[in-house]
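Asks: Please read through the structure below; I'll follow up with questions.
Derivation of every value follows stated rules applied to the coordinates shown; laboratory data play no part. This is a predicted model, so every value here is computed, not measured. Here the Cβ positions follow ideal geometry from the backbone for every residue, glycine too, while neighbour counts run over all protein chains shown.
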Amino acid sequence: MATILINGGRIIDPSQGLDQVGDLWISRGRILPMGGGFDDAEVVIDARGMIVCPGLIDIHVHLREPGNEEDETIATGAAAALAGGVTSVACMPNTIPAIDTQAAAEFILLQAQRARQANVFPVGAVSKGRQGAELAELGQLVAGGAVAFTDDGAPVASADLMRRALQYSRMFDRVIMQHCQVPELTVGGVMNEGIESMRLGLGGMPAAAEDIMVARDIRLAEITGGRIHIQHISTARSVELVREGKRRGVRVTAEACPHHFSLTDENLRTFDSNFKMNPPLRTWSDVEAVIGGLKDNTIEFIATDHAPHAREKKMREIDQAPFGIVGLETLVPITAKALIESGHLTWPEAIAKMSCNPAVLLGLVDKGTLRGGADADVTIIDPETRWTIDPAEFRSKSKNTPFGGWEVNARAHTVIVGGEVRYTRGGIVQHAGASVPA
Amino acid sequence: MKNLGEHRISDGPAVERMLAAMAGELARTRRAEVALRLVGVRTRGVPLAVRLAGEIERLTGEPVGVGALEITLYRDDLALSPAWPVLRGTEIPFDIERADVVLVDDVLFTGRTIRAALNAVCDLGRPASVRLAVLVDRGHRELPIQADVVGLAIETGREDHVRVRLRPIDPADEIVTVVRNDLTDHPATEARPAP
Amino acid sequence: MTATNHAETAAAVWTRKHLLGLEELSAEEITAILDTAESFAEVSTRSRKKVPALQGRIVFNLFFENSTRTRTSFSLAAKRLSADTQDFTASASSLSKGESFIDTARNIEAMGADILVIRHPTPGTPHLLSQHVDCAIINAGDGAHEHPTQALLDLMTIRRARGKIEGLSVCLLGDIAHSRVARSNIHALKKLGAHVILCGPPTLVPRGWERFGCEVVHQLDEVLPRCDVMNVLRIQFERQQRGLFPSVSEYSQFYMMTKDRIRLGKPDLLLLAPGPINRGVELTPEVADGPNSAILDQVANGLAIRMAVLYLLSGRIEAGSRHRD
């Protein structure tokens with residue numbers, strides 16, 4: 001494995017409170033301690049003007065394999081991750097069949113190994129077949145490599161089952177991730193319930209459907225001592241509930257998706273199904289509350305909910321089209337545009353939410369950090385390169401994005417996984433024989 | 001009101017004299033037992049019909065019905081026009097059956113407008129007869145149509161424009177010609193040419 | 001007012017390729033359609049009720065939802081303009097075989113359609129289609145979103161009866177939440193200066209409608225004396241099955257227009273119903289057929305409105321410029 005020198009970048013590692021211009025050395029798949037290095041490198045990366053940070057970790061993606069390979073495969077999804085600057089993804093278990101057994105989890109790891117793109121960590125189902133009735137074999141899932149549990153897409157509707165899951169998962173100190181939504185309040189729903197759904201005559205999904213389950217699950221986590229993680233938080237009230245739960249010492253965490261802090265339900269006026277997601281786009285006051293939660297660290301994670309759907313599925317009538325958008329390849333530019341360039345977060349704060357915090361959540365001890373000896377998963381971001389998002393260029397098999405045509409500034413430039421340069425936009429990587437710049 | 005490049009052929013008094021002569025002829029040829037109905041083709045055929053009818057009534061002492069005909073829906077060049085005209089509506093406040101109908105228009109040119117007007121009138125009923133009265137006949141017919149009563153016949157170039165202005169929708173009566181190259185944009189007073 | 005007067009005041013010239021909804025139209029554009037419709041109302045009074053304006057054009061009725069009345073009205077309107085018409089109903093189509101509605105529309109366009117009249121149970125479908133085909137599109141009802149020609153014929157009926165729309169109090173009665181007729185009426189009536197009152201049980205007229213500038217009332221008898229126009233919307237019985245009101249008989253008790261309720265209103269209260277009406281649910285038969293009812297005028301005006309819309313949109317189809325395979 002090559003010795004790599006990343007030269008002159010702005011090194012940001014929130015896990016060590018680091019933000020300085022300097023050199024980063026990688027050898028044998030590991031990060032060398034800061035200040036360490038050799039006389040010569042086999043690969044030299046000129047990172048001047050760029051951000052060098054721990055590889056980004058997206059804790060919420062759908063890779064569709066097995067079952068819906070027409071939308072995405074583990075290989076294409078993991079390649080899309082790299083193109084977006086993401087070195088590790090946690091994939092949701094709503095495949096066909098669901099990832100609810102050890103064998104299913106091991107299949108994911110095997111396919112990811114074959115693909116040799118980004119690292120892939122399976123998230124196991126909470127219930128057998130994601131049916132919401134009986135607990136899945138959580139212990140065996142952990143043995144198969146599951147890093148967390150969720151029935152994502154289908155909320156765990158039964159309070160009793162959620163309580164058992166929170167209790168039982170304490171055995172493994174794994175988090176339960178919940179898509180919070182009271183199902184009976186969102187029957188026939190297409191978009192956020194409010195003035196826009198009234199205007200368009202589309203079925204509404206009230207914010208209260210999310211709020212009620214967030215409140216319930218925080219309370220259940222409180223009485224069980226389990227870890228509840230609120231997926232794709234989207235409402236002002238839910239942010240407040242998480243904030244208040246944390247204040248009480250409940251083991252609750254929350255993630256936000258870029259579309260939930262950059263778009264609103266007004267976008268649905270185009271009837272474009274690329275604005276149809278679940279949870280739905282909410283109102284401006286919800287967007288502001290989500291940003292507020294990101295700022296005060298009530299929301300410690302930014303995740304994409306990368307949900308690929310083949311064109312023919314998404315090109316249906318809006319009530320027939322499936323929920324969800326691809327997100328891996330727009331994570332960095334949209335986060336930068338909506339949060340950093342607008343002054344809400346600094347780069348170190350945003351990187352913490354996309355790298356260090358996810359590693360801690362999933363128990364990935366050698367990831368999400370640039371300290372010496374850590375896995376050499378590194379993302380190099382060009383923060384100032386004006387470009388236009390073009391879905392046709394996506395590596396993801398699916399192109400269902402609402403951000404096509406957006407003018408953005410930040411972009412993942414070069415991505416190193418396990419000490420290998422697995423993705424680069426070119427121009428800055430020099431191989432063997434190149435001398436180290438003074 | 002006079003535009004650059006316009007050449008006035010007839011002024012107000014001249015137009016009055018033409019109207020009087022046309023009304024006289026229509027009054028003379030009126031059939032005693034048959035209703036006489038004037039139908040103006042929108043836009044300037046309408047004030048023309050109204051004024052002719054007033055004059056005929058003065059001469060004969062008998063009422064003459066006046067209607068307005070919207071021929072847009074019958075135009076053969078409709079499909080070619082980029083934006084379709086605002087419809088002003090057909091208003092025929094009398095029964096056209098068995099009446100002597102006189103179609104009235106300001107300028108007779110290719111004859112296509114009158115072809116459309118004939119179709120439009122015949123869709124309203126079956127008149128006893130249809131005649132045509134125009135203020136100006138400028139030639140260049142593309143269809144076998146001739147006027148029965150003409151105020152003024154003039155020779156024009158194929159590309160020239162003939163404009164008629166009539167009270168009360170214009171400030172004064174006059175007939176002008178515009179040589180093609182001097183044409184200024186003044187569609188409201190343009191005679192209805194074929195495409 | 002005569003047709004001439006309407007036309008003279010119609011400052012707006014129609015420039016749109018499609019009629020997708022009334023929310024996006026200006027007051028001037030709505031008035032232009034109403035004025036044009038007056039010209040076509042005259043055509044319908046002739047012994048020969050047909051003009052050659054749309055000769056050679058093909059109007060396709062693309063209906064993904066049953067509606068004999070609207071489809072018939074559009075067909076007849078197209079025929080009176082001398083267009084060729086063709087009906088296409090989803091049940092008889094390949095849609096059940098998995099063909100997307102966009103593919104279906106493209107196929108129909110390839111057959112030479114100039115105008116697609118589309119009815120679909122999903123909001124926004126005509127809008128989506130307008131991005132994928134070249135022909136002009138008329139929304140003949142998209143789910144609970146809009147039904148522009150229905151609202152236009154309601155407005156035409158009001159204007160013909162009252163000579164104006166501005167300043168009138170117009171009540172829309174019944175299931176507002178699920179009604180495309182209500183939405184199109186609200187947009188158009190507000191733009192033309194009417195006071196719009198929405199009346200029905202809170203499950204069918206939920207909170208939030210005030211934000212469209214409407215007055216929301218749940219007690220019909222309270223608001224009735226103030227109304228100039230009562231537009232009675234159809235109740236779909238499946239709403240009762242979803243528990244939005246306890247029973248049809250309870251609904252009728254509170255909201256059915258009866259002879260007694262007509263007495264509560266102004267003597268010249270104008271009664272509209274988009275139909276098909278459920279006699280004995282929204283209206284009693286004597287009220288439906290009574291002197292306040294303009295239901296049959298609405299049907300006649302619907303024809304004139306649809307002729308006007310077909311005419312105005314045809315004017316925007318550039319001759320010979322469209323791509324055809």
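Asks: I'd like the antiparallel share, as a percent to the nearest 5, of DSSP beta bridges with both residues in chain B. Before the final figure, lay out the partial values.
Replies: Numbers: 10 of 32 bridges.
Antiparallel bridges make up about 30 percent of those DSSP assigns within chain B.
Asks: Still on this structure, please answer the following. Can you give the angle from 0 to 90° between the axis of helix C:68-80 and the longest principal axis of chain C, with both taken from C-alpha atoms, to the nearest 10?
Replies: 50 degrees
Asks: Could I ask something else about it? Please compute the alpha carbon radius of gyration of the protein assembly as shown, then divide it by the globular-protein estimate 2.2 N^0.38 Å. Two decimals is fine.
Replies: Values: Rg = 36.6 Å, N = 958, 2.2 N^0.38 = 29.9 Å.
My calculation over the Cα atoms of the protein assembly as shown gives 1.23.
Asks: Same structure, new question: Ignore the peptide's own chain and count Cβ atoms of other chains within 10 Å of each Cβ in A:318-324; give me the average, rounded.
Replies: Shielding by partners across A:318-324 averages 3.
Asks: Also: Give the separation of the Cα centroids, the stretch A:1-25 to the stretch A:322-399, in Å.
Replies: 17 Å
Asks: Only bridges whose two residues both fall in the protein assembly as shown count here: according to DSSP, what percent of them are antiparallel, nearest 5? Spell out each step's value before the answer.
Replies: Values: 41 of 126 bridges.
Here the share of antiparallel DSSP bridges comes out near 35 percent.
Asks: Compare the Cα positions of C:VAL51, C:ASN185, C:GLY124 along the charge dipole of chain C (+1 at Cβ of Lys, Arg; -1 at Cβ of Asp, Glu; about the Cα centre) and return the one farthest towards the positive end.
Replies: C:VAL51
Asks: For the stretch A:172-212, max minus min Cα coordinate along each principal axis, in Å, sorted largest first?
Replies: 48, 15, 14
Asks: Pick out, from C:GLY213, C:PRO202, C:PHE254, the residue whose Cα sits farthest towards the positive end of the charge dipole of the stretch C:148-298, with +1 on the Cβ of Lys and Arg and -1 on the Cβ of Asp and Glu.
Replies: Comparing the listed Cα positions along the dipole, C:GLY213 ranks first.
Asks: Okay, next question. Would you mind working out the magnitude of the charge dipole of the protein assembly as shown relative to its Cα centre, with +1 at each Lys and Arg C-beta and -1 at each Asp and Glu C-beta, to the nearest 20 Debye?
Replies: Values: 105 positive and 120 negative charges, 291 e Å.
Computed charge dipole of the protein assembly as shown: roughly 1400 debye.
Asks: Taking the Cα centre of the stretch A:52-362 as origin, sum charge times position over the Cβ atoms of Lys and Arg (+1) and Asp and Glu (-1), and report the length of that vector in debye to the nearest 20.
Replies: On the way: 29 positive and 38 negative charges, 121 e Å.
Taking the Cα centre of the stretch A:52-362 as origin, the dipole is about 580 debye.
Asks: Give the residue list of trypsin sites (Lys or Arg not before Pro) in the stretch A:39-130 that are DSSP loop and have at most 14 other beta-carbon atoms within 10 angstrom. Could you put the intermediate results ahead of the total?
Replies: On the way: sites: A:ARG48, A:ARG64, A:ARG114, A:ARG116, A:LYS128, A:ARG130; in loops: A:ARG48, A:ARG64, A:ARG116.
Filter output for the stretch A:39-130: A:ARG48, A:ARG116.
Asks: How large is the translational diffusion coefficient of chain C in µm² per second when you combine the Kirkwood radius over alpha carbon pairs with Stokes-Einstein at 4 °C and 1.567 mPa s?
Replies: Details: Rh = 20.3 Å.
Roughly 64 µm²/s, to the nearest whole number.
Asks: Under a 10 Å cutoff between Cα atoms, tell me which one of A:ILE416, A:ILE31, A:ILE223 has the largest fluctuation in the Gaussian network model of chain A.
Replies: It is A:ILE223.
Asks: To continue, here is another question. Just for the stretch A:52-362, what percent of DSSP beta bridges are antiparallel, to the closest 5? Write down the numbers at each step before the final one.
Replies: Values: 1 of 23 bridges.
The antiparallel fraction comes to roughly 5 percent.
Asks: Right, next: Based on the Cβ-Cβ distance of A:GLN131 and A:ILE96, what FRET efficiency does E = 1/(1 + (r/R0)^6) give at R0 = 22 Å, to the nearest 0.05?
Replies: E(calc), rounded to 0.05, equals 0.95.
Asks: Just checking the output field for C:122-134: average partner chain Cβ neighbours within 10 Å of each residue's Cβ? Present the calculation step by step, with values, prior to reporting the outcome.
Replies: Details: counts 10, 13, 13, 6, 1, 6, 9, 1, 0, 3, 1, 0, 0.
Neighbouring Cβ atoms belonging to other protein chains average 5 per residue here.
Asks: As a check on your grasp of the helix formula, calculate [θ] at 222 nm for chain A: sum -39500 (n - 2.57) over DSSP H runs of n ≥ 4, divide by the residue count, round to the nearest 500.
Replies: Numbers: 12 runs with 108 residues, N = 438.
Rounded to the nearest 500, it is -7000 deg cm²/dmol.
Asks: With only Lys, Arg, Asp and Glu charged, each at its Cβ (+1 for the first two, -1 for the last two), find how big the charge dipole of the stretch A:290-438 is about the Cα centre; round to the nearest 20 debye.
Replies: 300 debye
Asks: Let me understand the stretch A:52-362 better: what is its radius of gyration from the alpha carbons, and its Dmax, in angstrom?
Replies: Using the Cα atoms of the stretch A:52-362, the pair Rg, Dmax is 17.8, 50 Å.
Asks: Does the stretch B:1-113 classify as rounded, prolate or oblate by the C-alpha gyration tensor (a ≥ b ≥ c root eigenvalues; a/c under 1.5 gives rounded; else a/b over b/c gives prolate, otherwise oblate)? Write down the numbers at each step before the final one.
Replies: Details: a/c = 2.41, a/b = 1.21, b/c = 2.00.
Because a/c hits 1.5 or more and a/b fails to exceed b/c, the stretch B:1-113 counts as oblate.
Asks: Something else about it: Quick check on chain C: helices-only [θ] at 222 nm, where DSSP H runs of length 4 and up contribute -39,500 (n - 2.57) each and the sum goes over total residues. Nearest 500, please. Intermediate results must be reported in sequence, preceding the final value.
Replies: Working: 13 runs with 127 residues, N = 325.
That comes out to -11500 deg cm²/dmol.
Asks: Work out the FRET efficiency for A:HIS431 and A:ARG269 from their Cβ-Cβ distance, taking R0 = 60 Å, and round it to the nearest 0.05.
Replies: Numbers: r = 51 Å, r/R0 = 0.84.
Result of the calculation: an efficiency of 0.75.
Asks: Sticking with this structure for a sec: In vacuum, with every alpha carbon of the stretch C:148-298 counted as one equal point scatterer, what does the Debye formula give for log10 I(q)/I(0) at q = 0.14, 0.17, 0.18, 0.19 Å⁻¹? Two decimals, please.
Replies: -0.59, -0.91, -1.03, -1.17
Asks: Over the stretch A:210-321, one equal point on each Cα, no solvent: what is log10 I(q)/I(0) by the Debye formula at q = 0.09, 0.15 Å⁻¹?
Replies: So the normalised log intensities work out to -0.26, -0.66.
Asks: Which distance in Å, rounded to a whole number, links the C-alpha centroids of the stretch C:243-274 and the stretch B:1-57?
Replies: Taking the Cα centre of the stretch B:1-57 as reference, the centre of the stretch C:243-274 is 57 Å away.
Asks: Shielding by partners for A:77-88, please: the mean number of other protein chain Cβ atoms within 10 Å of each residue's Cβ.
Replies: 0
Asks: Kirkwood Rh, the stretch A:143-196, all Cα pairs: how many Å?
Replies: Kirkwood radius, the stretch A:143-196: 13.0 Å.
Asks: Picking from A:LEU281, A:PHE271, A:ASN297, whose Cα lies most toward the positive end of the charge dipole for the stretch A:248-303 (charges on Cβ: Lys, Arg +1; Asp, Glu -1)?
Replies: Towards the positive end, the residue furthest out is A:ASN297.
Asks: Compute and list, largest first, the equivalent-ellipsoid semi-axes of the stretch C:231-279 from the alpha carbon gyration tensor, each √(5λ) rounded to a whole angstrom.
Replies: Numbers: eigenvalues 107, 34, 10 Å².
Computed over the stretch C:231-279, the values are 23, 13, 7 Å.
Asks: Okay, next question. Cross-link list A:LYS314/C:LYS190; C:LYS164/C:LYS266; C:LYS49/C:LYS259; A:LYS295/A:LYS367: which exceed 27 angstrom alpha carbon to alpha carbon? Before the final figure, lay out each step's value.
Replies: Numbers: A:LYS314/C:LYS190 35 Å; C:LYS164/C:LYS266 17 Å; C:LYS49/C:LYS259 37 Å; A:LYS295/A:LYS367 24 Å.
As for pairs spanning more than 27 Å Cα to Cα, those are A:LYS314/C:LYS190; C:LYS49/C:LYS259.
Asks: Can you compute the helix-only [θ] at 222 nm over chain B? Use -39500 (n - 2.57) per DSSP H run of at least 4 residues, normalise by all residues, nearest 500 deg cm²/dmol. Walk me through the intermediate numbers first.
Replies: On the way: 3 runs with 46 residues, N = 195.
One gets -8000 deg cm²/dmol as the mean residue ellipticity at 222 nm.
Asks: Points 7 angstrom from Cα along the Cβ direction at C:GLN55 and C:ARG263: gap in nanometres?
Replies: The modelled label-to-label distance comes out at 5.9 nm.
Asks: Name the residue, out of A:MET92, A:MET162, A:MET198, whose mean-square fluctuation peaks in a Gaussian network model built on chain A with Cα pairs under 10 Å.
Replies: Sorting by GNM fluctuation, first place goes to A:MET198.
Asks: Over the stretch B:105-144, consider all pairs of different Cα atoms and compute the Kirkwood hydrodynamic radius from their mean reciprocal separation; express it in Å, one decimal. Mind dumping the intermediate values first?
Replies: Values: mean 1/r = 0.0917 Å⁻¹.
For the stretch B:105-144, the Kirkwood estimate is 10.9 Å.
Asks: Using only the Cα atoms of the stretch A:205-275, what do you get for the radius of gyration and for Dmax, in Å?
Replies: 14.0, 45
Asks: Still on this model: Springs between alpha-carbon atoms under 10 Å, Gaussian network over chain C: tell me which of C:ASP84, C:ASP260, C:ASP289 tops the mean-square fluctuations.
Replies: It is C:ASP260.
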